[in-house]
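Okay, so here's the structure we're looking at.
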Amino acid sequence: MARMIPVLDAEQLGQFRSRAEARFYEACRDQLPDDVVVIYSSGWIYRDKGGKVREGEVDFTILSPDSGVFAVEVKGGGVAFDPTFGKWFSVDRSGNKHQIKDPFRQASNERHALLDQLKGHPDWARWPGKRLIIGHAVAFPDLNGVLELESGDRPRAIIGARKDIDELGLWFDRVVRFWRQAGDDSLGVRGAKLAEDILCKSIEVRPVLRSSIDDTERQRIRLTNRQAKVLRTIGGRRRAVIAGGAGTGKTLIAVDKARQLAQQGFSVLFLCYNRPLAEILAISLSDAPKVTVCSFHQLCDRRVRAVAALTGRNLMAEASVAYPGGDEHRFNVQMPYALALSNELLPEKFDAIVIDEAQDFSDEYWFSIDELLSDQVSGHLYIFIDQNQSLYARHGNLPVADDPYYLTENCRNTVPIHQLGYQFYSGDPIDEPALLGPNVERLARDSVDAQVEAIGKRVERWVLEDALDPKDIVVLVAKRPKGYAYELIRGHSLTGGLSWGEEQRGKSRSILFDTVPRFKGLEAQAVVLWIGDEVIDEKLWELLYVGSTRAKSLLSVVGSRRALSAISN
């Protein structure tokens with residue numbers, strides 16, 4: 001078995017975006033001789049003899065003491081070449097083509113870069129040989145045959161197909177024979193060690209927290225993509241409810257579903273309850289013009305104004321006569337009623353509706369939503385819900401009779417954050433994430449002034465010492481009265497050029513602070529959750545569940561000793 005750098009287990013290989021690279025890794029490990037070293041994904045940046053900065057990456061670098069150094073470029077899936085324009089394409093399972101770089105030119109450039117790196121390093125002078133065997137090859141593990149790829153500058157000997165990967169030792173011998181010339185010197189054991197040290201010498205440094213977060217984020221993206229299998233499960237169903245706890249990827253899947261529907265030519269309405277979430281999602285879907293994104297009450301307001309412009313009728317005035325009441329009545333009854341009236345007057349309808357945060361929609365909301373579909377029988381309706389995040393104590397009967405599809409894997413939070421937040425969750429079990437991370441920090445301070453001081457020092461350390469970007473940090477307030485808590489935060493000055501941003505991002509170095517309900521549906525790399533004793537006294541466990549699970553990688557909880565003792569886990 002060859003020695004692999006880095007050593008990756010089956011689970012890690014299973015997370016590769018390219019299954020072709022994973023297969024080639026396994027073939028090298030299992031089929032090449034013990035004295036061969038294979039470096040996966042070796043990157044470089046250096047200045048060549050002409051003074052030009054070179055930067056790139058080799059998929060696989062093979063160091064063989066019996067022969068030399070070889071760069072192997074691996075391409076998965078199908079490929080196509082257009083000789084008229086000299087363009088290469090990847091071909092997916094549906095036959096769609098996507099232009100890619102010339103893999104043979106890539107491999108050739110990688111070979112020259114490897115040679116430049118070795119010869120340009122002062123330690124290479126210790127190699128006893130004179131002329132190094134160095135070559136390149138391109139492997140296509142998903143292709144049964146590669147005859148159509150052969151040409152004068154693409155000889156068969158340096159092209160690997162599926163059967164070559166199954167007999168990698170024989171194929172590698174052919175590659176070596178192609179590149180070996182009279183007078184070449186084998187790399188040798190000493191040369192292989194020199195090359196290994198030059199290309200990937202082990203370096204151990206203590207990473208700043210930002211680097212650790214970035215690594216976790218890359219793994220989190222892979223995990224969340226795995227949740228997208230729900231989209232395939234839904235298949236051609238026109239109506240479905242998708243349920244899951246915090247961090248299970250509901251919003252990301254909802255966005256993907258809206259985008260898919262728009263690509264199929266449907267007009268799509270994407271609704272949620274929280275306006276801050278709607279604003280973020282509108283930016284995310286700005287490249288999909290057939291998708292309209294807004295909060296429920298934004299939609300009501302837009303259609304009321306559209307009716308006024310079209311007919312002169314004031315639907316909100318009519319709603320207030322039909323259902324008199326104060327502000328709470330205005331949002332929960334009058335605006336949904338006005339929306340229902342607008343459906344009778346406006347021609348604009350939608351082919352599909354996607355709803356996130358559906359647990360906050362009451363029966364009054366649902367009454368008017370179905371009528372927004374151009375076809376109320378066969379129109380598309382997808383509802384995403386987490387009953388544990390129902391902060392507004394509304395009851396709504398969902399307009400879809402079938403049982404929900406359940407998301408069962410937390411892909412947002414690290415293990416310590418999941419363990420804290422999910423002690424306040426009840427419902428179908430949610431699998432613990434595979435994302436390790438630091439423990440949740442608990443800052444017990446009995447006076448509110450000391451609590452605000454602790455909040456300020458925590459966010460300053462995250463930025464000034466741990467290199468976090470201020471936009472990745474949010475302070476969430478679960479304390480009443482809100483106005484008093486906000487006043488205390490505004491009154492605390494931050495150092496290091498930092499400032500506060502109240503309920504919205506301000507300057508580039510501002511730290512956002514907001515309430516838990518307003519931030520529901522959103523997330524941040526690092527969260528300070530400020531809880532008041534009244535949250536514990538009134539058993540507002542939803543606030544703790546929602547607030548803590550907004551944190552992706554870092555969570556610091558600030559409150560009195562009494563309050564923090566209630567959330568220890």
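The values are calculated or read from the model by the stated rules, or taken from the named source; none is laboratory data. Keep in mind the model is a prediction, meaning the values are calculated, not measured. Because the Cβ atoms are built from the backbone with ideal geometry, glycine has one as well, and the counts that use them run over all protein chains shown. The area values use the complete protein model at the heavy-atom level, side chains included, leaving out ligands, DNA and RNA. Shrake-Rupley method; radii C 1.70, N 1.55, O 1.52, S 1.80 Å.
Within region 545-558, the set of residues being surrounded by 24 or more Cβ atoms within 10 Å (Cβ to Cβ) and farther than 13 Å from V477 by Cβ comprises S548, T549, A551, K552, S553, L554, L555.
For region 429-444, a residue qualifies if it is in a loop (DSSP other than H, G, I, E, B), open to solvent by less than 90 Å² (accessible area, probe 1.4 Å) and over 25 Å from A243 (Cα atoms), and the qualifying residues are G437, P438, V440. Among the residues of region 511-534, the ones that are buried (at least 24 other Cβ atoms within 10 Å of the Cβ), aliphatic (A, V, I, L, M) and not in a strand (DSSP E or B) come to 1 in all. State whether the residues of region 406-415 include one that is touching a strand residue (DSSP E or B) at 6+ places or on another chain (Cβ under 8 Å), farther than 15 Å from G247 by Cα and open to solvent by less than 60 Å² (accessible area, probe 1.4 Å). Taking every residue of region 406-415 in turn, none turns out to be touching a strand residue (DSSP E or B) at 6+ places or on another chain (Cβ under 8 Å), farther than 15 Å from G247 by Cα and open to solvent by less than 60 Å² (accessible area, probe 1.4 Å). Of A319, A306, all but one fail to be surrounded by 18 or more Cβ atoms within 10 Å (Cβ to Cβ) and at pLDDT 90 or above; the exception is A319.
Only residues that are within 40 Å of the chain's Cα centre (by Cα) and without any contact (Cβ under 8 Å) to a residue 40 or more places away in the chain were counted in region 120-147, giving 4.
Assess whether R131 counts as being surrounded by fewer than 21 Cβ atoms within 10 Å (Cβ to Cβ) and over 28 Å from I198 (Cβ atoms). No: the conditions fail for R131.
This table checks each residue for (1) modelled with pLDDT under 95; (2) touching a helix residue (DSSP H, G or I) at 6+ places or on another chain (Cβ under 6 Å).
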| site | (1), (2) |
| --- | --- |
| V36 | no, no |
| I39 | yes, yes |
| G43 | yes, no |
| D48 | yes, yes |
| V53 | yes, no |
| D59 | yes, no |
| S64 | no, no |
| F70 | no, no |
| K75 | yes, yes |
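When every residue of region 97-106 is checked against the conditions, none turns out to be more than 26 Å from the chain's Cα centre (by Cα), over 28 Å from S186 (Cβ atoms), without any contact (Cβ under 8 Å) to a residue 24 or more places away in the chain and open to solvent by less than 20 Å² (accessible area, probe 1.4 Å). Within region 346-368, does at least one residue satisfy the condition of being closer than 23 Å to G244 by Cα, surrounded by fewer than 16 Cβ atoms within 10 Å (Cβ to Cβ), at pLDDT below 95 and not β-branched (V, I, T)? Yes, the conditions are met somewhere in region 346-368.
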